[in-house]
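**Q** Pasting in a structure now, in structure tokens, and then I'll have a few things to ask.
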Amino acid sequence: MKTGLVLSVIGAALLLAGPLGSRVGLWSFVIGFLLLALSLLLGLVGASLSLVAGFKTGQWQMAVAGIVIGLAVVSVPSAFIMSGVGKPPIHDITTDTVNPPPFVAILPLRAGAANPPEYGGSEVADHLFVRHHTAVELADRTQELGLVKRQRDRDDHRVVRLTLTPAGRRDARRGAPGMCARSRRAAPSPRR
């Protein structure tokens, strides 16, 4: 009876300890992820054992506590896993978006990749008062609407310039009503 509850509580402790210990430098992020995975397993086993014990003994107080804690532990990593389903893989080139190294030699190898190496840059995001991934999503959607086209810089292949297409210029000349209608279609959908 108590085993399920104890496993669920240990899973909850590991769920907190894994990322926090990695964050404060007690262990590497790999150990943090391993502890996160272990917490998922312990939460699942703890909730399952608590459910079985509840049916066997009819004592539901501790069983419900084990089930609730176990499922809460399972829900956190599961939510992270589900949020990544269907997303393209992250680039393994660099995480330094302010001053990325010039990987010009490998850009031809990335041509046609599902997740191209272009980075919209912090400047565009700052002007739009959004984060960089939102700016890239806006650029993708306005390109899909035919309002802008992308062109790689001749001197620095990391730089991609957005220019208005004739349809984009026509909407810009029309002013706010036309741009607002298309902007609403290009705006990122709210995530829930």
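**Q** For residue 149, which lysines qualify as cross-link partners when the Cα separation must be under 25 Å and same-chain residues fewer than eight apart are set aside?
**A** 87
**Q** OK, next. For the stretch 1-81, take N as its residue count and report Rg(C-alpha) divided by 2.2 N^0.38 Å.
**A** Dividing the Cα radius of gyration by 2.2 N^0.38 Å gives 1.14.
**Q** Moving on to the next point. Excluding residues fewer than 8 places away in the same chain, name every one of the lysines whose C-alpha is closer than 29 Å to that of residue 56.
**A** The qualifying lysines are 2.
Any read-out appearing in this document is the output of simple, stated calculations on the displayed coordinates, not a laboratory observation. Everything numeric here is computed off the predicted structure, so don't read it as measured data.
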